[in-house]
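A.B. asks: Below is one structure. I have some questions about it.
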Amino acid sequence: MSISAIMGISLSGMQAEKTRLASTANNVANAMTPAYDRLETKFTSSAQGGVTASVSPSGDETFADVSNVDLASEMLSLVQSEIGFKANASAWETGADLWDVLLSIKRD
């Protein structure tokens, strides 16, 4: 596997976590909206490597006077997004460091 492929995979992971963070923020913003159906983010791996995220309504039961958003679950999703983003960012930085090493070897 090439360094470029590793960096591409980590980039797709960061983009997927950004999508999850956006849907979580939307859920928190609409927690008090009557009959709001929370958004769920699903991750799928791609054939080329990496991951994609898709967002859709949960389909859980909603009531006319309250949403189906659980703020504790949304905070957990926020923490998961942070950890996932940091892990992918570390992989990206490692790939960038490897490129720097290869360039310095090429110059020498």
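A.B. asks: For segment 19-30, indicate whether the set of residues that are more than 17 Å from residue 81 (Cβ to Cβ) and in contact with a helix residue (DSSP H, G or I) (Cβ under 9 Å, 6 or more places away or on another chain) is non-empty.
C.D. replies: Looking for residues that are more than 17 Å from residue 81 (Cβ to Cβ) and in contact with a helix residue (DSSP H, G or I) (Cβ under 9 Å, 6 or more places away or on another chain), one finds none in segment 19-30, hence no.
A.B. asks: Also: Evaluate the following for residue 21: is it touching a residue at least 60 places away in the same chain (Cβ under 8 Å), in a helix (DSSP H, G or I) and within 11 Å of the chain's Cα centre (by Cα)?
C.D. replies: Yes.
A.B. asks: Name the residue, out of 58, 54, 45, that is among the polar types (S, T, N, Q) and touching an Asp or Glu at 6+ places or on another chain (Cβ under 8 Å).
C.D. replies: On inspection, the qualifying residue turns out to be 58.
A.B. asks: What pairs come out if I take residues in segment 82-103 that are assigned to a helix (DSSP H, G or I) and open to solvent by less than 40 Å² (accessible area, probe 1.4 Å) and pair them with residues that are modelled with pLDDT of 90 or more and basic (Lys, Arg) whose C-beta lies under 9 Å away, six or more apart or interchain?
C.D. replies: Final answer for the pair search is 84/20.
A.B. asks: Okay, next question. State whether one or more residues within segment 56-74 are at pLDDT below 95, among the polar types (S, T, N, Q) and within 21 Å of residue 3 (Cβ to Cβ).
C.D. replies: Scanning segment 56-74 turns up no residue that is at pLDDT below 95, among the polar types (S, T, N, Q) and within 21 Å of residue 3 (Cβ to Cβ).
A.B. asks: I need a count of the residues in segment 39-51 that are surrounded by 14 or more Cβ atoms within 10 Å (Cβ to Cβ) and of a type outside the set (Gly, Ala, Ser).
C.D. replies: Selection size over segment 39-51: 5.
A.B. asks: Taking into account only those residues within segment 1-38 that are in contact with a Leu (Cβ under 7 Å, 6 or more places away or on another chain) and modelled with pLDDT under 95, which is least open to solvent (accessible area, probe 1.4 Å)?
C.D. replies: Per the stated criteria, the residue is 31.
The values are calculated or read from the model by the stated rules, or taken from the named source; none is laboratory data. Keep in mind the model is a prediction, meaning the values are calculated, not measured. We place every Cβ from the backbone using ideal geometry, glycine too, and count neighbours over all the protein chains shown. The protein model used for the area step is the full one, side chains on, heavy atoms only, and it has no ligands, DNA or RNA in it. Shrake-Rupley method; radii C 1.70, N 1.55, O 1.52, S 1.80 Å.
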